[in-house]
């Protein structure tokens, strides 16, 4: 049973560019959440997708957007990259949006903005 | 706004020593509480969780945590640590009415000396 997978593993971009990160949820899961983990910090919630709609959003600017596909996979897009966007981006999947369901995390995508 | 504080940034112990990692949260409503662990080079994984009932919860690998509502605390304990417990530990909270949005603490790095 495949767990949560993310691609790419590492990415280097320059300021002002745009980036797309991808996530495939654990088999049987229909909800995907994205988190940003800066160095030395805990993960920060970006947003959550369920039934192809953004259900919740954390305190992140509109430069951060996402999408969920009919097969439940998801993308995170970041426009106009800033140096401060350098971080590990984690995807987590769960069964529905219930707060009682365990979230399973992927290995993350390490984004470096130069 | 909800927040989670982990008081110890880095803890160094010898094998067989007892462990207690502090976690306090700020939120006035009903919450679900989690401890996640990230072993070197691995994904975040759930160690234990508390939803309701017995405030002393047991997790994997001999870990336990106690929810003290009056102190807004959810401290993690283990009677005797092993070298293999070396990892980063994150406390997380979500509110019952906020679906799967997890609020994480900044993490505690545990180093166990053999």
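How high is the relative contact order of chain B, in percent, counting Cα pairs under 8 Å that sit 6 or more residues apart?
37
Partner chain Cβ atoms within 10 Å, averaged over the residues of A:31-39 - can you pull that number for me?
Partner Cβ neighbours, averaged per residue: 2.
Rule-based calculations on the coordinates, nothing more; no lab input. Here the structure is a predicted model, which means the values were calculated and not measured. Backbone-built Cβ (ideal geometry, glycine too); neighbour counts: all protein chains shown.
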